[in-house]
């Protein structure tokens, strides 16, 4: 039995529809999986541009008044492919000031700026546009994204370095996301700076005697006449200055058991009081490299706080999470802590850990979003209608 040209055309259209519908559904599902693959796994930190090492509260960077201090801003993307970010950096404007434009972006890595660098006293604010970045230059490994430069203005208190921190509104945007508010930042680490008077940074070394070199004789002191003492009026005693009472961190509570499996989300609440002032800062160290400073909410600004913060543990191990409260006189409390044990899970129910997929040097173009589930349903219904119509025409002919 031979088929007429019309029947062959209709048969071909039917085959095309039967192939196109499931192919369209598959492409849309793959796109949705790609867009939903990003997770908070990226960390930001400061590295001393001179020593190439991070600073801590016990090993700060030391500079004199009038000198500049520079830190590289380092991004570790973790499992993400980062295309841009909104970077907000806070500092104490009574101790430090912006030098030049404050930050020099690494445009070789980050591409073009979305707009001008927006600086205010105590804050540096710069945005990088994901749309302006070549997809082949997306950040997939630990990278320096810029350098912050500040000038020392005033001496810091003994034992209390000034901090340079990442603001809680800093946003890291994964590539392929159409939403610039999609944030995959997991945590950040501050920089610590001690400011001293000029000439106090580097002590003068003591000369070491060299064998064979004749030492010059010490001159004999000439006796000076004894001066007649002049009576000095007794100074009026100054009342002692009240000593600051440091705040007390009374507990670090969590809303889940101390043991769990990856990925493990834990909500922490630090509680504490200050007997002679107010609490202005709660610093959370989750034991996994991430440090978060909270300066608002949870009673911050009063003498009694219940400050919340959360963290997602992305690796297995035993972690000591801690919280430190700082009052309005820069007094820091002893740390409250919790031990969190995170395991990789068992074959009984925990999902296996998916290894990160290596990003090829040339990025594969991402298909534009074709719409929600209603669009897929509409395509399916339209394909079925075309198939029924084609079969009817084929039957009539």
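From the list 256, 305, the lone residue that is in a strand (DSSP E or B) and either without any contact (Cβ under 8 Å) to a residue 12 or more places away in the chain or in contact with a strand residue (DSSP E or B) (Cβ under 9 Å, 6 or more places away or on another chain) (or both) is 305. If you go through segment 139-162 and keep only what is more than 15 Å from the chain's Cα centre (by Cα), part of a strand (DSSP E or B) and over 15 Å from residue 102 (Cβ atoms), you end up with just 162. Of all the numbered requirements in (1) assigned to a loop (DSSP other than H, G, I, E, B); (2) at pLDDT 90 or above; (3) surrounded by 15 or more Cβ atoms within 10 Å (Cβ to Cβ), residue 180 misses one, and that requirement is (2). Annotation: of all residues in segment 275-286 being outside any loop (DSSP other than H, G, I, E, B) and within 22 Å of the chain's Cα centre (by Cα), the one that is farthest from residue 246 (Cα to Cα) is 285. Is there a residue in segment 94-116 that is buried (at least 19 other Cβ atoms within 10 Å of the Cβ) and either out of contact with any strand residue (DSSP E or B) (no Cβ under 8 Å at 6 or more places or on another chain) or at pLDDT 95 or above (or both)? Looking through segment 94-116, at least one residue is buried (at least 19 other Cβ atoms within 10 Å of the Cβ) and either out of contact with any strand residue (DSSP E or B) (no Cβ under 8 Å at 6 or more places or on another chain) or at pLDDT 95 or above (or both). Is it true that residue 310 is within 16 Å of residue 266 (Cβ to Cβ) and part of a strand (DSSP E or B)? Yes, satisfied. Would you mind finding the one in 272, 298, 289, 251 that is touching a residue at least 40 places away in the same chain (Cβ under 8 Å) and assigned to a loop (DSSP other than H, G, I, E, B)? Testing whether each residue is touching a residue at least 40 places away in the same chain (Cβ under 8 Å) and assigned to a loop (DSSP other than H, G, I, E, B) leaves just 289. Taken together, the residues in segment 243-265 that are over 26 Å from residue 192 (Cβ atoms) and surrounded by 20 or more Cβ atoms within 10 Å (Cβ to Cβ) amount to 1.
The values are calculated or read from the model by the stated rules, or taken from the named source; none is laboratory data. Bear in mind that the values here come from a model prediction, so they are computed numbers and not experimental data. All Cβ positions, glycine included, derive from the backbone under ideal geometry; neighbour counts span all protein chains shown.
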